[in-house]
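The values are calculated or read from the model by the stated rules, or taken from the named source; none is laboratory data. Since the model is a prediction, treat every value here as computed from it, not as a measurement. All Cβ positions, glycine included, derive from the backbone under ideal geometry; neighbour counts span all protein chains shown. The area values use the complete protein model at the heavy-atom level, side chains included, leaving out ligands, DNA and RNA. Shrake-Rupley method; radii C 1.70, N 1.55, O 1.52, S 1.80 Å.
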Amino acid sequence: MKKKISIILSLVLTVILAITGCSSQTNTNKADSSNESTKKVVRIGFVSQNDTLSDYGTGSIAQQKKYFEEEFKKIGYEPEYVPFSGGGPAINEAIVAKKLDFAIYGDLPSIVLKSKGIGVSLIGITNNSLNLDLIVSKNSVINSVEDIKGKKIIVAKGTIMQNYFQHLIDANNIKISDVEIVNAGGDSVSTFLSGSVDGLVTPDVQAQKLALDGSSKIIHSTVNKLEWSSQNIVLSRDDFAKDNPDAPVAILKAFIRGKNLIKDTSDKNEIYKFFDTGLGEVPTKKAFGFDGEKFDFASVEINSNSIDKLKDLNKFLLDQKLTTNSVDIDKYVNTTYYEKAAKELK
């Protein structure tokens with residue numbers, strides 16, 4: 001049973017970590033062939049093994065309800081979905097090669113791309129609270145963050161997991177040298193379940209699944225410290241947006257309609273279906289109903305909290321020498337398209 005759980009959760013973690021930029025595989029999907037089409041299309045890239053967008057936010061809703069198709073049709077375009085199994089780095093390569101017009105992915109790889117001087121702008125947020133947890137085995141002697149000193153903890157380096165963990169140990173006066181960090185990558189779940197390590201930093205929905213299965217207990221979660229959570233963002237290629245100024249407005253209108261659908265839907269079970277992770281109904285509800293089922297994390301507008309998290313992430317990337325150039329977040333963020341989209345939908 002544990003082997004089956006490990007396989008399922010490893011697949012989910014691979015997708016989620018890919019969103020946040022820990023994978024370096026190259027895309028083997030349809031980005032290379034998109035230029036062969038003579039259609040007037042808008043190419044939207046995201047992390048997935050298929051054509052289904054799984055940002056656990058307004059993007060999932062907009063695609064499933066065909067809001068992208070409806071809004072782009074109004075300006076004479078149609079969306080072309082370009083999934084990437086290779087995650088954030090592969091998406092960045094496609095943007096540099098001008099094979100994508102928009103990207104829906106993690107905040108970390110987007111800042112890495114911008115730090116290289118690429119002409120892109122962050123125009124929206126699709127999920128402003130991708131929560132992360134520190135978990136240990138169910139029978140572990142670890143009962144608090146302070147107890148992890150001298151223990152082996154899996155932390156995927158160069159990802160949002162590492163950023164969260166650094167905040168966690170700093171807040172508890174623990175030095176990184178006090179903990180044995182294990183970088184297990186895509187094998188993190190199976191390694192954790194094998195008992196060869198003491199703890200794992202993982203997305204909240206996965207932690208909820210393991211806790212419900214009796215395999216682990218949650219020591220800390222960003223649910224209680226949202227400023228340490230991550231975000232999924234909407235990135236626009238500047239030269240495309242300049243030549244097609246209605247396109248960024250159209251895509252944001254689709255996201256806003258997704259947000260509005262949540263407000264207008266009284267049956268919460270219908271909303272959870274948009275955020276289905278394949279891990280079961282109860283873990284999904286625990287992970288995405290954390291704010292009293294307000295679902296405020298499924299956002300579009302770039303607020304001050306989102307900007308603060310982007311600035312914090314930029315500092316983390318510099319401190320860890322994952323980037324060499326600082327990003328001016330205030331200039332990177334462009335809210336003009338959102339403001340126009342929100343006005344047109346009133």
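From the list ASP291, ASP246, ASP239, the lone residue that is within 24 Å of HIS167 (Cβ to Cβ) and open to solvent by 20 Å² or more (accessible area, probe 1.4 Å) is ASP291. Considering only the stretch 74-152, give the strands (runs of 3 or more DSSP E) lying wholly within it that have at least 3 residues that are hydrophobic (A, V, I, L, M, F, W, C) and over 23 Å from ALA184 (Cα atoms). Strands (runs of 3 or more DSSP E) meeting the threshold: 102-106, 120-130. The condition (being in contact (Cβ under 8 Å) with a residue 12 or more places away in the chain, part of a loop (DSSP other than H, G, I, E, B) and of a type outside the set (Ser, Thr, Tyr)) is satisfied by just one residue among LEU279, LEU310, LEU252: LEU279. Where residues in the stretch 54-73 are outside any loop (DSSP other than H, G, I, E, B) and open to solvent by 10 Å² or more (accessible area, probe 1.4 Å), which of them is farthest from ILE307 (Cα to Cα)? The extreme case among them is LYS73.
Just one residue in the set GLY106, GLY117, GLY195 is open to solvent by 50 Å² or more (accessible area, probe 1.4 Å), under 29 Å from THR336 (Cα atoms) and small (Gly, Ala, Ser); that residue is GLY117.
All told, ASN260 falls short of being modelled with pLDDT under 95 and either β-branched (Val, Ile, Thr) or in a helix (DSSP H, G or I) (or both). The residues listed here are LYS286, LYS273, LYS311; of these, the one that is open to solvent by 50 Å² or more (accessible area, probe 1.4 Å) and out of contact with any helix residue (DSSP H, G or I) (no Cβ under 8 Å at 6 or more places or on another chain) is LYS273. ASP187: under 11 Å from ILE153 (Cβ atoms) and open to solvent by 40 Å² or more (accessible area, probe 1.4 Å), yes or no? In short, no. Of all residues in the stretch 43-53, those being within 17 Å of the chain's Cα centre (by Cα) and not in a loop (DSSP other than H, G, I, E, B) number 4.
Among the residues of the stretch 21-40, the ones that are modelled with pLDDT of 50 or more and either open to solvent by 30 Å² or more (accessible area, probe 1.4 Å) or over 19 Å from VAL120 (Cβ atoms) (or both) come to 3 in all. If you check LEU210, LEU252 for being touching a helix residue (DSSP H, G or I) at 6+ places or on another chain (Cβ under 9 Å), closer than 17 Å to ILE104 by Cβ and crowded, with 21+ Cβ neighbours inside 10 Å, only one passes: LEU252. In the stretch 76-97, the residues that are under 17 Å from ARG237 (Cα atoms) and polar (S, T, N, Q) reach residues that are assigned to a helix (DSSP H, G or I) and open to solvent by less than 20 Å² (accessible area, probe 1.4 Å) with C-beta atoms within less than 6 angstrom, at least six apart or across chains, in these pairs: ASN92/PRO109; ASN92/LEU113.
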